[in-house]
Amino acid sequence: MKSFSVILFLIFISCSRLLYSQDIGLYGIKAFTNNYELRNPSGTGVFLSIPLNREHFRINFDYMVLFNKRTFTGRIISGFLPPEALSETEKIKSNSQCVLFDLTFLLKAYQWKTNSIYLGLGFNTARFSGQRKGLTTGLTKELWGTTKVGISLGFSFIKAQLFTERLNLITNMKYRLLNSGEFATDVENTFNDQITIFEIQAGLSYRLR
């Protein structure tokens, strides 16, 4: 995660001399995943958008957090998986989250007046973590934290000059594919398998200059 952040910073510095303007933005997220722990999380994101080549191309740097809470019936298991008879069935509250960094290259596909449509290809890294707590026993278990890398495909609609010349409305749709890894089969890792995320994002951006 730290190395990816350094890479993003270096790319930003290397592109700074090419800037025509910069946008900063904030958006809300509703996502749908194939992971049974994270399920269909909600979240927020912030971004920096840099237009290049007179705004036909853009580079976006995104930082976002997805989170989900759920309650289910099961067992709190710590460490290696024990026989079922050694753990008690109870209601379990699960809190899970995904912290994600995204670098996206955007190409303008269509423009009409102040409305623009962009298509994007992104490269991202994500950190998954969480905790389970037994509502009867009070036992807690930290879920095995997992870092993944992947790619994303996106569609963005931008309505510029919303109320003022510098304020923009943004809506995005993104599909992410994050890699799977190898892990000991006798220890539960809820985030080990390949994870797909489909996101709907909506928010505002502000042009700094």
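Each value in this text was obtained by applying a stated rule to the coordinates, not by laboratory testing. Everything numeric in this text was worked out from a predicted model, so none of it was measured. Ideal geometry is used to build each Cβ from the backbone, glycine not excepted, and the neighbour counts take in all protein chains shown.
If a paramagnetic tag sat 7 Å from the Cα of Trp112 along the Cα-Cβ line, which residues of region 158-175 would have the backbone N under 20 Å from that point? Under cut-off, by backbone N: 158-163, 168-173. Between the amide H of Thr190 and those of Trp144, distances stay under 5 Å, these residues lying 5 or more places away or on another chain, with hydrogens modeled in the peptide plane. Pairs Lys69/Lys159; Lys30/Lys91; Lys30/Lys148; Lys93/Lys159; Lys113/Lys148: which are spaced more than 29 Å apart, C-alpha to C-alpha? Cα-Cα > 29 Å for Lys69/Lys159; Lys93/Lys159; Lys113/Lys148; rest within. If you plug the beta carbon distance of Glu90 and Tyr63 into 1/(1 + (r/R0)^6) with R0 = 45 Å, you get a FRET efficiency near 0.80. Applied to region 96-107, the Karplus parametrisation 6.51 cos²θ - 1.76 cosθ + 1.60 on θ = phi - 60° returns per-residue 3J(HN,Hα) values of 10, 8, 9, 9, 10, 10, 9, 10, 10, 9, 10, 10 Hz, with x for Gly and Pro.
Given a Förster distance of 41 Å, report the FRET efficiency between Thr71 and Phe155 from their Cβ-Cβ distance, rounded to the nearest 0.05.
Values: r = 34 Å, r/R0 = 0.84.
With R0 = 41 Å, the Cβ-Cβ based efficiency is 0.75.
3J(HN,Hα) couplings calculated from phi for region 65-72 with the Karplus curve 6.51 cos²θ - 1.76 cosθ + 1.60 (θ = phi - 60°) are, in sequence order, 10, 10, 9, 8, 10, 8, 10, 8 Hz; Gly and Pro show x. Would you mind checking region 91-118 for residues with the amide N under 16 Å from a putative spin-label position 7 Å along Cα→C-beta of Thr137? In region 91-118, the label zone of Thr137 (backbone N under 16 Å from the point 7 Å along Cα→Cβ) covers 91-94. For region 146-158, backbone phi angles converted through the Karplus equation (6.51, -1.76, 1.60; θ = phi - 60°) give residue-by-residue couplings of 9, 10, 10, 10, x, 10, 9, 10, x, 10, 10, 10, 10 Hz, Gly and Pro being listed as x.
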